[in-house]
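Enquirer: Take a look at this one; I'll ask things after.
The values are calculated or read from the model by the stated rules, or taken from the named source; none is laboratory data. Since this is a predicted model, take the numbers as computed values, not measurements. Ideal geometry is used to build each Cβ from the backbone, glycine not excepted, and the neighbour counts take in all protein chains shown. All accessible areas refer to the heavy atoms of the entire protein, side chains included, with ligands and DNA or RNA removed. Shrake-Rupley method; radii C 1.70, N 1.55, O 1.52, S 1.80 Å.
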Amino acid sequence: MKISGIKYRSSDSSEFDSIRELIREKSVESINFDFQGYEHQYWVSNDREKSINQRVQKSIPILGHEESLQNIFRICCGLSNEQIGTKKGFKSFESAIISGKQKDRVGPLFSRLYTDIEAVLRNIYSSTTLRTGVIERFSAAAELSVKIFGDLNDKSALVIGESSFFKEVKAALKERDIGFVESLRNNKIRDEELSAYDILVVKEETTDKINQIYELVPKMTRSNESSFLILDFGSAANSLHELGNIYNVFYTHASSLDSVISRNLKLRSDAIPEAEKIIERRVKEFLKWSESDKWDVSKSIIARSHQMQKVFELIYKVAPSNAIVIISGETGTGKELVAKAIHKSGQRGDKPFIAVNCGAIPENLLESTLFGYVKGAFTGAHEDKKGIFQAADGGVLFLDEIAELPMMLQVKLLRALQDNEITPVGGNRSNKVNVRILAATNKNLMKEVMEGRFREDLFYRLNVVEIVVPPLRERVDDILALANHFLLEHSNRTQKDKFRLSDSAAELLTQYQWPGNVRELQNVIERAAVLSDSSTILPSDLPEGVLENRDRSISVVSEKDMSLEEIEEEHIRLMLRKNRYNYNSVAETLGIGRTTLWRKMKKYGIASVDE
Amino acid sequence: MDTLLILRITVPLLYAVTLYIYTLEFRGILKERSVKPTIALMISVAIHLVFWVVLYSSSGKYPIGSLFGTLTTFVLLLSIIYMLIEYGMNDRSFGIFVLSLVLLLQVVASIFINPEGISSPLLEEVIFEIHVISLIISYSAFALGAIAAVMHLLLSKKIKHQELDIVYHKLPTLQFLRQVGIFSVYFGFVFLTAGIALGFFNASQVPEAGISLSDPKIVSAIITWLIYGIFVLIHMLKKLTAKSAINLSLIGFITILFTFFVVNTLMETFHLFQ
């Protein structure tokens, strides 16, 4: 899958309504943002859906995968406009990504692209002169103030000029942490208060006003000890430059700041070749990654929910590194799939992935299984045998149920992690190994540490990055996607007709709490497919536990003694599940506003899917 | 050629190269692959230190008894103090100013003054060594204060004339330069006071040396002490303006240079130990 893009004037936006609608409907991922008067739209289309691009192409030229990437990178890094180095482009792109995530329009490609752009920006701002930022007149004036006064924290400025001018001056000075900025226009300031100011910023044209300022300045420069700065943004002809003859008074006309601005522009322009090189390298890496199948975690993990998209983002971030990752989550949530996805997306993708369940191997065998043994180490050890640490050399070792690892082996594992060395059972020589460790647990490891069942040092060594896989009941959007996937798998395996879920069965599945998570769902679907008399799964094909949820909201009211608040909470939870956390739909169904819904969710401790 | 002569030529040459590299960096035209200014300075200081040790080992005495020895020790100390400031502030903007003075003084020391110096038994007393070292430390601090004053003067003139060029961009803030200047003067004043007091004490121990208050070097040192004393006093009374701080700092340092060169070379003073 590849990224395509179009760009048109924002003023012509209405002409492209149908195109936008087509892209939104047919693409896998899509984002759009407005930047410098142009609407930019980028989407990821499935190869099989080439028809989208063909149809769009009829109305407007399309940018290809590489061109789209280069465009997005250049916009975000501030290389595609007059204001070189501005972050405005990145902010527009970032807003598009956030909004796309909320609308479920951002998947693995745009998520990875966002991560890559953040990394490129960090690189560019640390290694090129773009770090100086964009300096315009007001920020140059603020820089001049810093040059004279140093820390502006205890300094104050008086601004004479219209309110928009005051706002711009204030923003620039606040950026440099000035203590206080006041507008003379809004407030009457007494003569004795005038001496409290250190900076006077003026933008007035009339002679009367200029005369007034001439009177003001001597009152403001109250002592010879401290400096005073006059920044004149008025007409140069009426300038106040004579005031600069007073020894400790610095007068600067805004026109002289132009040299600062042009120097800044030159510095930023000088950074372009280096920034281009950084971008080019990253684009090449992205192209290589996107054209391989490594990126598509969604091929191995079926998930549409926001919560799982966040997990995917983490996978993309940690995969290229060698960092140890702890994957936590309830039983059956798919922790091993996450580990496999990290392995596949990372640099060790073509090296071995070996999984060990620390809880499933007897304690006395675990050590020799992990670290191997030498001939004669124990009865039956007739020859040297490599452990799985060595078998996974160069690749990834996945330690499932790490909390079950015996204390004695925790010490040995810690040493292996710290020194990248293992000693086989009965051996007296260490062997170097190069293994990336991924571990998983369904327990709270911190709690295990506090209760003395897990070594604290090992915990901190393992806890480099944690990925929490949410339980299925918290990601309602995934339930039907997974159910349909399992039905399709069953049909393919048994070569039967394609199964489909009836609406009522689907509703029951989304209402059920799934304590056994994805594994339980898989079993329920398998059972339903086997027992079903037709190609449609009906509620009667589902097990008793799932059926108990039928009309639960009504039954709970009738069967239990509940307060109104409890009923309200229960009903809100039900509606959220039913509407797949679409807050607008839930609020509309309940007949309350979005804010009221949010307040009630907060009151009952119902987690928002965006949190 | 003997080692002393080689080092006598090499040290100012190295400082010249270092100043050149600092100037290139100040102007923003130093090539990425060229020697880093700090490395060049470290090499210069290291060779200068070797020179100082060779001077010491060749005579068996600290090289502070002669004008040449005192001057090169002063230069070495100034370079080391600057290096520490550069390391602490992570800012090389003082570099070309300090190194210009360093180069000038080292060239004078290397070319014009007899490295053999004078050897008087008076100079072998520990108290004398502390007296000289205190004065050298104070002069180094005053030198730094004077450099900060020159930079302040330069930057404020640039801002006054609205010439916001490379000097404006490269120099630190006026406030910072003011603080460095004041701190240097306070620091130097403490050592100058101690140095002069030890000098009087030392003189009182050897009446046969014929020390007189009218000795040009003593007069010059007392004038220097008075100038910096006025600086400290006005500052403590919170009456010190930027203008008077710069003026006093520069006048004080000119007096020091006068003491070093004019008094020591042209006037009759017992401090020549002849």
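Enquirer: Report, by residue number, each residue of segment A:402-419 that is open to solvent by 40 Å² or more (accessible area, probe 1.4 Å) and closer than 15 Å to A:Ile388 by Cβ.
Expert: A:Lys412
Enquirer: Would you please name the residue that is surrounded by the fewest Cβ atoms within 10 Å (Cβ to Cβ), looking only at residues in segment A:69-114 that are in a helix (DSSP H, G or I) and at pLDDT below 85?
Expert: Looking at the filtered set, the residue picked out is A:Gln102.
Enquirer: Next up: Counting only residues that are under 24 Å from A:Ile326 (Cα atoms) and of a type in the set (D, E, K, R), which one in segment A:458-516 is surrounded by the most Cβ atoms within 10 Å (Cβ to Cβ)?
Expert: Only one residue fits best here, namely A:Arg475.
Enquirer: Going through segment A:323-345 one residue at a time, which ones are under 21 Å from the mean Cα position of the chain (by Cα), over 14 Å from A:Ile402 (Cα atoms) and either not in a helix (DSSP H, G or I) or not assigned by TED's automatic domain parsing to the domain that holds A:Val356 (or both)?
Expert: A:Ala323
Enquirer: Among the residues that make up segment B:66-78, is at least one of them within 30 Å of B:His169 (Cβ to Cβ), of a type outside the set (Lys, Arg) and either open to solvent by 60 Å² or more (accessible area, probe 1.4 Å) or touching a Lys or Arg at 6+ places or on another chain (Cβ under 9 Å) (or both)?
Expert: no
Enquirer: If A:Arg122 passes every condition in (1) surrounded by fewer than 19 Cβ atoms within 10 Å (Cβ to Cβ); (2) of a type outside the set (A, V, I, L, M); (3) in a loop (DSSP other than H, G, I, E, B); (4) more than 14 Å from every other protein chain (Cβ to nearest Cβ) but one, which one does it miss?
Expert: (3)
Enquirer: Now for a separate question. Return the residues of segment A:167-193 that are surrounded by fewer than 17 Cβ atoms within 10 Å (Cβ to Cβ), at pLDDT 85 or above and among the acidic types (Asp, Glu); say none if nothing qualifies.
Expert: The answer is A:Glu175, A:Asp177.
Enquirer: Which of the following residues is basic (Lys, Arg), under 30 Å from A:Glu448 (Cα atoms) and not assigned by TED's automatic domain parsing to the domain that holds A:Leu438: A:Arg461, A:Arg493, A:Arg519? Break it down stepwise before answering.
Expert: Numbers: A:Arg461 fails: not assigned by TED's automatic domain parsing to the domain that holds A:Leu438; A:Arg493 fails: under 30 Å from A:Glu448 (Cα atoms).
Testing whether each residue is basic (Lys, Arg), under 30 Å from A:Glu448 (Cα atoms) and not assigned by TED's automatic domain parsing to the domain that holds A:Leu438 leaves just A:Arg519.
Enquirer: Right, here's the next one. Can you pull out every residue in segment A:346-386 that is open to solvent by less than 20 Å² (accessible area, probe 1.4 Å), assigned to a loop (DSSP other than H, G, I, E, B) and within 30 Å of A:Lys317 (Cα to Cα)?
Expert: Selection gives A:Gly346, A:Cys358.
Yes or no, residue by residue, for (1) in the same structural domain as A:Lys498 (by TED's automatic domain parsing); (2) modelled with pLDDT under 85; (3) closer than 21 Å to A:Val476 by Cα:
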| position | (1), (2), (3) |
| --- | --- |
| A:Asp533 | yes, yes, no |
| A:Glu559 | no, yes, no |
| A:Glu566 | no, yes, no |
| A:Glu570 | no, yes, yes |
| A:Asn579 | no, yes, yes |
| A:Tyr583 | no, yes, yes |
| A:Thr595 | no, yes, no |
| A:Arg599 | no, yes, no |
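Enquirer: If you don't mind, another one. Considering A:Lys288, A:Lys266, A:Lys284, which residue is surrounded by fewer than 17 Cβ atoms within 10 Å (Cβ to Cβ), out of contact with any Pro (no Cβ under 7 Å at 6 or more places or on another chain), within 14 Å of chain B (Cβ to nearest Cβ) and modelled with pLDDT of 80 or more?
Expert: On the way: A:Lys288 fails: within 14 Å of chain B (Cβ to nearest Cβ); A:Lys284 fails: within 14 Å of chain B (Cβ to nearest Cβ).
Sole residue among the options that is surrounded by fewer than 17 Cβ atoms within 10 Å (Cβ to Cβ), out of contact with any Pro (no Cβ under 7 Å at 6 or more places or on another chain), within 14 Å of chain B (Cβ to nearest Cβ) and modelled with pLDDT of 80 or more: A:Lys266.
Enquirer: Taking helices (runs of 4 or more DSSP H) that do not extend beyond segment B:1-92, which have at least 1 residues that are of a type in the set (Asp, Glu)? Walk me through how you get there before you give the answer.
Expert: Values: elements: B:3-26, B:37-59, B:67-89.
Filter on segment B:1-92 gives B:3-26, B:67-89.
Enquirer: I'm checking my understanding of the structure. Among residues of segment B:159-179 that are surrounded by 16 or more Cβ atoms within 10 Å (Cβ to Cβ) and touching a residue at least 60 places away in the same chain (Cβ under 8 Å), which one is farthest from the other protein chains (Cβ to nearest Cβ)?
Expert: B:Lys170
Enquirer: Which residues, taken from segment B:210-265, are within 14 Å of chain A (Cβ to nearest Cβ) and in contact with an Asp or Glu (Cβ under 9 Å, 6 or more places away or on another chain)?
Expert: Within segment B:210-265, B:Lys238, B:Lys239, B:Leu240, B:Thr241, B:Ala242 meet the criteria.
Enquirer: Just the residues that are closer than 21 Å to B:Ile136 by Cβ and either hydroxyl-bearing (Ser, Thr, Tyr) or not assigned by TED's automatic domain parsing to the domain that holds B:Glu125 (or both), please, taken from segment B:192-238.
Expert: B:Thr193, B:Ser220, B:Thr224, B:Tyr228
Enquirer: Can you tell me which residues in segment A:577-602 are assigned to a helix (DSSP H, G or I) and surrounded by fewer than 16 Cβ atoms within 10 Å (Cβ to Cβ)?
Expert: A:Asn584, A:Ser585, A:Glu588, A:Thr589, A:Arg594, A:Thr595, A:Thr596, A:Trp598, A:Arg599, A:Lys602
Enquirer: Which condition does B:Ile136 not pass, out of (1) at pLDDT 85 or above; (2) assigned to a loop (DSSP other than H, G, I, E, B); (3) more than 14 Å from chain A (Cβ to nearest Cβ), if it passes all the others?
Expert: Just one mismatch for B:Ile136, condition (2).
Enquirer: Sticking with this one: Could you count how many residues in segment A:1-25 are touching a helix residue (DSSP H, G or I) at 6+ places or on another chain (Cβ under 7 Å) and open to solvent by 80 Å² or more (accessible area, probe 1.4 Å)?
Expert: Within segment A:1-25, residues that are touching a helix residue (DSSP H, G or I) at 6+ places or on another chain (Cβ under 7 Å) and open to solvent by 80 Å² or more (accessible area, probe 1.4 Å) number 1.
Enquirer: Also: Taking segment A:137-153, which residues are free of Cβ contacts under 8 Å to residues at least 40 places away in the same chain and within 11 Å of another protein chain (Cβ to nearest Cβ)?
Expert: A:Val146, A:Lys147, A:Gly150, A:Asp151, A:Leu152
Enquirer: I'd like the residue in segment B:12-52 that is closer than 17 Å to B:Tyr87 by Cβ, of a type in the set (A, V, I, L, M) and touching a residue at least 40 places away in the same chain (Cβ under 8 Å) and, out of all such residues, is surrounded by the most Cβ atoms within 10 Å (Cβ to Cβ).
Expert: B:Leu41
Enquirer: I want to confirm something. Restricting to segment A:243-258 and keeping residues that are among the small types (Gly, Ala, Ser) and surrounded by 17 or more Cβ atoms within 10 Å (Cβ to Cβ), which single residue is farthest from A:Thr129 (Cα to Cα)?
Expert: Of everything passing the filter in segment A:243-258, A:Gly244 is farthest from A:Thr129 (Cα to Cα).
Enquirer: Taking the criterion of being of a type outside the set (Phe, Trp, Tyr), over 19 Å from B:Phe74 (Cβ atoms) and modelled with pLDDT of 90 or more, would at least one residue in segment B:184-197 satisfy it?
Expert: yes
Enquirer: With open to solvent by 20 Å² or more (accessible area, probe 1.4 Å), under 23 Å from A:Arg137 (Cα atoms), of a type in the set (A, V, I, L, M) and at pLDDT below 85 as the only criterion, which of A:Ala237, A:Ala196 stands out?
Expert: The conditions single out A:Ala237.
Enquirer: Something else about it: Go through (1) modelled with pLDDT of 85 or more; (2) open to solvent by 40 Å² or more (accessible area, probe 1.4 Å); (3) charged (D, E, K, R) and name the single condition A:Lys294 misses.
Expert: Answer for A:Lys294: the failing condition is (1).
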